[in-house]
Amino acid sequence: MRRRRKKGKAGKWVGRLLTALLAVPALYFTAALIGSLVPVNRGWTEPAQGTTIYIADNGIHADIIMPVQADGLNWSTMFPGRDFAAVPPGARWIAFGSGEERVYLNTPTWWDITPRTVWSALAGGKRVMHVEYVTSPNYAVREIRLRPEEYRRLWAAIRADFALSQNGRLQRIAHPGYGPSDAFYRAVGKESTVRTCNTWVARWLRLAGVKTSLWPPFVNGLTWRYRRIGS
């Protein structure tokens, strides 16, 4: 009888453990849905005229694409050509993305994913910024027009996320990049399943005063609010 009771108790604990393990992702996805539907800056409306920025996504990760020069602000002074192998001639656009260090640096394509990078994405780690000069934003999926003051706030929010050395300089990472026109830099903060690449983009937009989702860990929870290019 005692053995049966022990087995019964063990079975209950196993069942509870399995229930808890299943509940965690269920709660995460539920929170992600709610966070993607609840807006912040809900009174914001897109102006008829202004500076256009773009959001690119690969199905998982979002980048913001901005003009190199606009509204009196110039990214090229912060990211000089010497930081890149070869900036394309006439590159008038610059893309910004955020990611966990191991995932970003070691996964240039989906074929490069390993169990270690999957674990890094789940467990979280150091955050880095990816910067790329591009000749056109035509690979983006969404566009947003901003007022001058909104654009300046967005510019400042992105700039503030770059970690600086004791000398006040950007910390470029010794990594060849994915191509000749991109580079990686140290960033402030951490990446995790709570603070994903997409929630950082939402934070930039929130600080700019733009209507965005409260907590969109997945890219679709971020991009659905904005106009498709050309619409």
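The values are calculated or read from the model by the stated rules, or taken from the named source; none is laboratory data. Everything numeric here is computed off the predicted structure, so don't read it as measured data. Counting neighbours? That spans all protein chains shown, and the Cβs are built from the backbone with ideal geometry, glycine included. With ligands, DNA and RNA removed, areas are computed over all heavy atoms of the protein, side chains included. Shrake-Rupley method; radii C 1.70, N 1.55, O 1.52, S 1.80 Å.
Give region 92-130 a look and list any residue that's of a type in the set (G, A, S) and over 21 Å from R159 (Cβ atoms), or say none.
Start the filter on region 92-130 by keeping residues that are of a type in the set (G, A, S), which leaves 95, 97-99, 120-121, 123-125.
Listed by number, the residues that qualify are S120, A121, A123, G124, G125.
Residue-wise test of (1) closer than 21 Å to R152 by Cα; (2) not polar (S, T, N, Q).
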| site | (1), (2) |
| --- | --- |
| G189 | no, yes |
| S192 | no, no |
| R195 | no, yes |
| G209 | yes, yes |
| L214 | no, yes |
| F218 | no, yes |
| G230 | no, yes |
Of the criteria (1) under 15 Å from the mean Cα position of the chain (by Cα); (2) modelled with pLDDT of 95 or more; (3) open to solvent by 20 Å² or more (accessible area, probe 1.4 Å), which one G97 fails: (3)
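From I53, I113, which residue is out of contact with any Phe, Trp or Tyr (no Cβ under 7 Å at 6 or more places or on another chain), under 19 Å from W204 (Cβ atoms) and β-branched (V, I, T)? Walk me through how you get there before you give the answer.
Numbers: I113 fails: under 19 Å from W204 (Cβ atoms).
Answer to the check: I53.
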Where A85 falls short, out of the listed (1) closer than 19 Å to T199 by Cβ; (2) part of a loop (DSSP other than H, G, I, E, B): (1)
Count of region 35-63 residues which are within 28 Å of T109 (Cα to Cα) and open to solvent by 40 Å² or more (accessible area, probe 1.4 Å): 4
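Kindly indicate which of Y178, Y151 is of a type in the set (S, T, Y) and not in a helix (DSSP H, G or I).
Values: Y151 fails: not in a helix (DSSP H, G or I).
Answer to the selection: Y178.
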Test: residue in region 206-226 that is without any contact (Cβ under 8 Å) to a residue 12 or more places away in the chain and either surrounded by 16 or more Cβ atoms within 10 Å (Cβ to Cβ) or at positive phi (or both): no
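Name the single residue that is most open to solvent (accessible area, probe 1.4 Å) among those in region 100-129 being part of a helix (DSSP H, G or I) and basic (K, R).
Filtering region 100-129 for residues that are part of a helix (DSSP H, G or I) and basic (K, R), the one most open to solvent (accessible area, probe 1.4 Å) comes out as R116.
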Yes/no for E132 being within 30 Å of Q49 (Cβ to Cβ), open to solvent by 20 Å² or more (accessible area, probe 1.4 Å) and acidic (D, E): yes
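Is region 64-77 home to any residue that is among the polar types (S, T, N, Q) and crowded, with 18+ Cβ neighbours inside 10 Å? First the steps, then the outcome.
So in region 64-77, the residues among the polar types (S, T, N, Q) come out as 69, 74, 76-77.
Within this subset, residues satisfying the condition of being crowded, with 18+ Cβ neighbours inside 10 Å are none.
Within region 64-77, not a single residue is among the polar types (S, T, N, Q) and crowded, with 18+ Cβ neighbours inside 10 Å.
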Enumeration of residues in region 184-196 that are surrounded by 19 or more Cβ atoms within 10 Å (Cβ to Cβ) and in contact with a Pro (Cβ under 9 Å, 6 or more places away or on another chain): T196
